[in-house]
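Data block below; observations after.
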Amino acid sequence: MQIRLAQPQDARAIAAIYAPIVENTHISFEERAPGTQEMRERIVAGSVKYPWLVAVDRDAVVGYAYASAHRSRAGYRWSVDSTVYVAENARGRGVGKAVYAELFERLRAQRFHNVFAGIALPNDASIALHRSLGFTHVGVYRRVGYKDGAWRDTSWWQLRLTNDAAPPDEPLAAMANHTGRP
């Protein structure tokens, strides 16, 4: 398996991984699965500041992960939210853990301090993945989203990327590929 930066041409495969999650589960609070063009636009726009990565196995995209802004206020700029999804036929093979681990290395190189993940409940597999990577539980937003005819809770998790106490250097842009990885 190879982990690499997502490219606009990966949009079709990424949209195909994400669509059943939107359409058949409460895990994503989106109500309509984005098509290829919308996913392409998300990759291009998001990749300017934050990494979008894909896991590729035998020339097929089998998972993806990306970071996004945690909040819009300036003081939050060292914190990001993370997302990971794996194709149904590739789950349980370590794809999510591998692509997430690479994402976190790139975020460290970009000088980010914290990663947060919101997990729509229930979702034992996602909770286990985040725990295995060192995330700690920080709280639950009760009845924060409505999907599939019910109010849904979201569990929030945090991973500290650095223990620096000194004033932080400004985060770096993602496109520069600061880790030297292809």
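The values are calculated or read from the model by the stated rules, or taken from the named source; none is laboratory data. Not measured: the values here are computed from a predicted model. With ideal geometry, Cβ positions are generated from the backbone for all residues, glycine too; neighbour counts draw on all protein chains shown.
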Among the residues listed as 157, 151, the single one being modelled with pLDDT of 95 or more, under 21 Å from residue 100 (Cβ atoms) and in a strand (DSSP E or B): 157
Neighbours by Cβ (under 9 Å, 6+ apart or cross-chain): first from the range 151-174, under 19 Å from residue 83 (Cα atoms); second surrounded by fewer than 17 Cβ atoms within 10 Å (Cβ to Cβ) and charged (D, E, K, R): 152/143; 153/142; 153/143; 154/142; 157/131; 161/108
Complete set of residues in the range 23-54 that are assigned to a helix (DSSP H, G or I), closer than 16 Å to residue 65 by Cα and either of a type outside the set (D, E, K, R) or in contact (Cβ under 8 Å) with a residue 60 or more places away in the chain (or both): 39, 43, 44, 45, 46
Residue match in the range 119-126 (condition: under 15 Å from the mean Cα position of the chain (by Cα), modelled with pLDDT of 95 or more, closer than 22 Å to residue 69 by Cβ and part of a helix (DSSP H, G or I)): yes
Number of positions in the range 20-34 that are surrounded by fewer than 17 Cβ atoms within 10 Å (Cβ to Cβ) and closer than 20 Å to residue 60 by Cβ: 2
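Look through 44, 80, 48 and report the one residue that is of a type in the set (A, V, I, L, M) and crowded, with 17+ Cβ neighbours inside 10 Å.
80
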Selection status of residue 92, at pLDDT below 95 and either aliphatic (A, V, I, L, M) or part of a helix (DSSP H, G or I) (or both): no
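How many residues does the range 52-85 contain that are farther than 22 Å from residue 170 by Cβ and either over 11 Å from the mean Cα position of the chain (by Cα) or among the small types (Gly, Ala, Ser) (or both)?
So the count comes out to 10.
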Residue within the range 135-144 that is surrounded by 16 or more Cβ atoms within 10 Å (Cβ to Cβ), touching a Leu at 6+ places or on another chain (Cβ under 6 Å), of a type outside the set (S, T, N, Q) and under 30 Å from residue 7 (Cβ atoms) present: yes
